[in-house]
1. Looking only at segment 1-39, count every residue that is surrounded by fewer than 10 Cβ atoms within 10 Å (Cβ to Cβ) and of a type in the set (Gly, Ala, Ser) and tell me the total.
2. Do we find that residue 15 is in a helix (DSSP H, G or I) and at pLDDT 95 or above in this structure?
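The values are calculated or read from the model by the stated rules, or taken from the named source; none is laboratory data. This structure is a prediction, so every number in the text was calculated from the model and none was measured. Every residue, glycine among them, receives a Cβ derived from its backbone with ideal geometry; neighbour counts consider all protein chains shown.
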Amino acid sequence: MTDVGYVIAGWGIAAVVLAGYSVRLVLRIRQAERDDAPRNVKP
């Protein structure tokens, strides 16, 4: 592989890792919002 190939591969791997982390984070936030949502329960 050429030097350009290594650079592109490095940035590609970093982008995939960050995208995966972002998706996981968004899903966890949505789940937490659902779990903490106020219930329509009369006291």
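1. 2
2. The answer is yes for residue 15.
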